[in-house]
């Protein structure tokens, strides 16, 4: 007779287990009623937190769509234009003050295949789908290479007619965001605005013989919101996306995650009081987590230089946030960091393309590791020969809205082409930040607000080799004498 196999302790469940959600109680492995309920509440909470973090791109694109509709962009031939540049009135994730934006919403379910015509000389343009995934570039980084051309945006699997010479891009979603940028000429938006108004046309392919006249709505100096909710309303935004879009716009795993908290296509999203309470709690934790990832990153690969606070928006240099082209999976925190702070997903922002597209560096910390404080004075030195073929800019943002900081300066920025800046004798430039204008070189100053934090993005348009090989390095933001109580330090 063989001996019975001893049951290893590691596969058994004790009658009482201490955990972060309290003591869990079992009877011979069966959870008690109270334990089971607490575990299910916790499971729903965990899945709601993960759903928030994974679905920031979808909620952000939905907020963009909704914001565009609010200002009258409710048909594909109606486009918003920042004809006097994008000032701090709109709530728009880290928008720039440097280019003439043209923004439109393409709805393939409503209109079918949709034609986009762009003029020669168009700056970087992109189409992103409902999950903020890249569909196609236009303009200089696109297949027209800045020569202008006709694009056709179609559903996945489309095999119908195509206009002669058109560049075709398939999108897995019905809703798509079109964003074009016109470049300043002699520091003015006028030339780009005329080119966009005269040359950009968007219309359904079915109307190619008699396209509707493109209508432009100015979004300069106009308050409106394009930013997703950070409370339980976030889940309603995601539910709207799932209901509107084809079922396979996302993979079964993500569909299952959303279904586990009640978000499912063709089923009303109607959480009961218990679930609403869990969703509110989860949104608070998830939003806080996204902010920790964005502003207090623990990923050393985020930093561009070993001795600088400047970070990249595309950790790993991949617009899909894939590690080793997918062999290491997807860097989920890197994706959350980007979409919590920014919009427009394109390889042109991540790849090394000297002289084409744009590159970015951001920071919310000074050289001592303190968070940037609107009540303090700072200086930033950019060495000579900033490696930007077109121009460079610095824009500052409100950490609450991640939009341009609102002060009495409509453009909280300095732009090498637009502004009459004063350079140092060696060709470098010293920029100043603070609540009050400095006595020296006020033209190089951006106003901040006491009691508010801020962060900044350095943009290079037409980035050159010294940016990519790191032979040109921007200075850190250096604090000067404190003029008001500082905000919480990064070391606390």
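The values are calculated or read from the model by the stated rules, or taken from the named source; none is laboratory data. These figures come from a predicted structure and were not determined experimentally. Counting neighbours? That spans all protein chains shown, and the Cβs are built from the backbone with ideal geometry, glycine included.
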Within the range 283-306, tally of residues that are touching a residue at least 40 places away in the same chain (Cβ under 8 Å) and not in a helix (DSSP H, G or I): 4
Which members of the range 368-378 meet the condition of being touching a strand residue (DSSP E or B) at 6+ places or on another chain (Cβ under 8 Å), under 21 Å from residue 306 (Cα atoms) and in a loop (DSSP other than H, G, I, E, B)? 368, 370, 372
In this structure, does residue 468 turn out to be under 24 Å from the mean Cα position of the chain (by Cα) and surrounded by fewer than 17 Cβ atoms within 10 Å (Cβ to Cβ)? yes
Looking only at the range 444-462, count every residue that is within 23 Å of residue 421 (Cβ to Cβ) and either more than 22 Å from the chain's Cα centre (by Cα) or modelled with pLDDT of 95 or more (or both) and tell me the total. 13
For the range 358-367, indicate whether the set of residues that are in the same structural domain as residue 445 (by TED's automatic domain parsing) and out of contact with any strand residue (DSSP E or B) (no Cβ under 7 Å at 6 or more places or on another chain) is non-empty. no
Enumerate the strands (runs of 3 or more DSSP E) found wholly within the range 1-91, keeping only those where 1 or more residues are at pLDDT 95 or above and out of contact with any strand residue (DSSP E or B) (no Cβ under 9 Å at 6 or more places or on another chain). 16-19, 22-27
Sole residue being exposed (fewer than 15 other Cβ atoms within 10 Å of the Cβ), touching a helix residue (DSSP H, G or I) at 6+ places or on another chain (Cβ under 8 Å) and at pLDDT 95 or above, chosen from 172, 161: 161
Within the range 337-357, identify whether any single residue is exposed (fewer than 14 other Cβ atoms within 10 Å of the Cβ) and either modelled with pLDDT of 95 or more or more than 27 Å from residue 475 (Cα to Cα) (or both), and answer yes or no. no
Within the range 327-352, tally of residues that are within 28 Å of residue 140 (Cβ to Cβ) and out of contact with any helix residue (DSSP H, G or I) (no Cβ under 6 Å at 6 or more places or on another chain): 13
Which strands (runs of 3 or more DSSP E) does the range 379-492 wholly contain that include 3 or more residues that are within 20 Å of residue 95 (Cβ to Cβ)? 388-397, 413-415, 455-463
Among all residue pairs at least 6 apart or on different chains, which show Cβ distances below 9 Å where the first residue, located in the range 230-243, is more than 15 Å from residue 276 (Cβ to Cβ) and the second is surrounded by fewer than 18 Cβ atoms within 10 Å (Cβ to Cβ) and modelled with pLDDT under 95? 243/266
In the range 255-285, what count of residues is obtained for those that are farther than 14 Å from residue 42 by Cα, within 23 Å of the chain's Cα centre (by Cα) and crowded, with 17+ Cβ neighbours inside 10 Å? 3
Kindly evaluate residue 120 against the criterion of being modelled with pLDDT of 95 or more, within 17 Å of residue 108 (Cβ to Cβ), outside the structural domain of residue 335 (by TED's automatic domain parsing) and outside any strand (DSSP E or B). no
Would you say residue 181 is part of a helix (DSSP H, G or I), outside the structural domain of residue 345 (by TED's automatic domain parsing) and either under 22 Å from residue 147 (Cβ atoms) or free of Cβ contacts under 8 Å to residues at least 60 places away in the same chain (or both)? no
Can you find a residue in the range 431-444 that is in the same structural domain as residue 313 (by TED's automatic domain parsing), in contact with a helix residue (DSSP H, G or I) (Cβ under 7 Å, 6 or more places away or on another chain) and over 22 Å from residue 360 (Cβ atoms)? no
